[in-house]
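For reference, the structure is listed below as structure tokens.
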Amino acid sequence: MAFNANVAIIGAGVVGLAIAAEISARFKDVWVIERNATFGAETSSRNSEVVHAGIYYPQGSLKARLCVEGRTLLYELCAKHGIPHRRIGKIIVASDDRETAHLEALKQRAENNGVGDLSILSEAEVKRLEPNVHARAGLLSPSTGIISVHKLMEFLYQKARANGADFLFGAEVIGIERSGSGYALQIRDSEGISELAAQIAINAAGLGSDRIAGLAGIAIDEAGYRLHYCKGNYASISPRWHGKVSRLIYPPPEKTALGVHLTLGIDGRMRLGPNARYTEVVDYRVDKGIEREFFTTARQFLPFLELKDVQPDFAGIRPKLQGPDEAFRDFVIAHEVDRGLEGLINLIGIESPGLTASPAIARMVSEMAKEILS
């Protein structure tokens, strides 16, 4: 069977859904191809569900700009459409003088990114805001929040559908070829192999985005598009402590991750995680032994915790462009016209803060599509 489209979006995670909702409001014949049986089955449903402020990322990077822009858009979207969220704030805690100096550097970086509402807290000020948290000092980010990612994705899916977008679930792209001024996508599902012809192909395939780029003829190692899977485990905290802390509590960030932190769910549940372990395979089983690892780390700033309070919960995989011990890598959001692939838009390495940035990413990609189709 053959289909025709103006725009084909590969991947229905939160970024693919945001793009679909945005682009389908401007163009007809938008198709979304997702290899899983439903939307958001991978990275988008296995994360901390945090709306980030834009603290951590180098000035001028896409991660910095799109996080700050996306955070504003996301809060506006949630407020307008009743998507569950809470702007509860976050405290990055320091346990010694070295970490306290790191907080000052983070505050300066955030201000360079346009985040001007942070404040350094003394030990007494941390204790006043969070009596059950131990810290030498803290960095308060009042605009950090939490969100129901599933409700967000459900809204974006329904919005795209209402705009006329079509979705193919359980469908995997196995080939991409140039066809006239567009692309022919070979798609395999339970009924066999079909073809979708599209003027624009948008690669928002998350963990599979480097594979999709390769199918389009890009040498992914030469282009720097090879992904490195980074697994993050999460643990739940006993319900007996729910309500003990009212904000997100983070340690200073590590080189490859934000560090094991305390998150609060919309439902009030408390979790620790994620850690960061590079892996060659996608395996969502929680690693053995994380209870003691997380307890030992979190006990430094949550002194009320006992080992019995920490239980394995779930795991997620982050699609990182930087490998172990490698330097910062920014999002890749590129119209590949310079590679002779006009009409192909690649989104690769969309890890954190991809959730927060998703509305801004969608606007950026929609503008790219407008230029291509005009």
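Here are the numbers for the structure shown:
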{"quantity": "Scaled radius of gyration (Cα, divided by 2.2 N^0.38 Å) that region 236-374 gives", "calculated": "1.34"}
{"quantity": "Coil-residue chymotrypsin sites (Phe, Trp or Tyr not before Pro) of region 161-268, DSSP, other Cβ within 10 Å capped at 12", "calculated": "none"}
{"quantity": "Region 129-264, Cα convex hull volume normalised per residue, Å³", "calculated": "205"}
{"quantity": "Computed [θ] at 222 nm, helices only, for the chain once each DSSP H run of length n ≥ 4 contributes -39500 (n - 2.57)", "calculated": "-9000 deg cm²/dmol"}
{"quantity": "Between 0 and 90°, nearest 10: helix 14-23 axis offset from the chain longest Cα axis", "calculated": "50"}
{"quantity": "Percent of Cα pairs exceeding the 20 Å cut-off, where the set is region 1-154", "calculated": "60"}
{"quantity": "Amide proton proximity set for Phe331, modelled H, under 5 Å, gap of 5+", "calculated": "Leu62, Lys63"}
{"quantity": "Residues Asp97 and Ala219, FRET efficiency given R0 of 35 Å [Cβ-Cβ distance, rounded to 0.05]", "calculated": "0.15"}
{"quantity": "Ordering of 46-53, 298-305 by packing [mean C-beta count within 10 Å, highest first]", "calculated": "46-53, 298-305"}
{"quantity": "Histogram of C-alpha separations across the chain, 20 Å bin width, %", "calculated": "29, 56, 15, 0"}
{"quantity": "Pairs of Lys in region 225-374 closer than 22 Å at Cα, counting only those 8 or more apart or on different chains", "calculated": "6"}
{"quantity": "Cβ-Cβ FRET estimate between Ala105 and Arg211, R0 fixed at 45 Å, reported to 0.05", "calculated": "0.75"}
{"quantity": "Value of Rg to Rh for region 301-374 (Rh from inverse mean 1/r over Cα pairs, i.e. Kirkwood)", "calculated": "1.20"}
{"quantity": "For region 1-33 and region 291-336, distance of Cα centres in Å", "calculated": "31"}
{"quantity": "Debye-sum result for region 187-313 in log10 I(q)/I(0), which assumes one identical scatterer on each alpha carbon, at q = 0.10, 0.15, 0.20, 0.23 Å⁻¹", "calculated": "-0.50, -0.81, -1.10, -1.35"}
{"quantity": "For Ala197, distant residues with modelled amide H under 5 Å away", "calculated": "Phe3, Asn4, Ala5, Leu185"}
{"quantity": "Beta bridge orientation in the chain: antiparallel %, DSSP, nearest 5", "calculated": "70"}
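Throughout, read-outs are computed from the coordinates displayed, never taken from laboratory work. For clarity, every value in this text was computed on a predicted model and none was experimentally measured. Please note: Cβ atoms are built from the backbone with ideal geometry, for glycine as well, and neighbour counts cover all protein chains shown.
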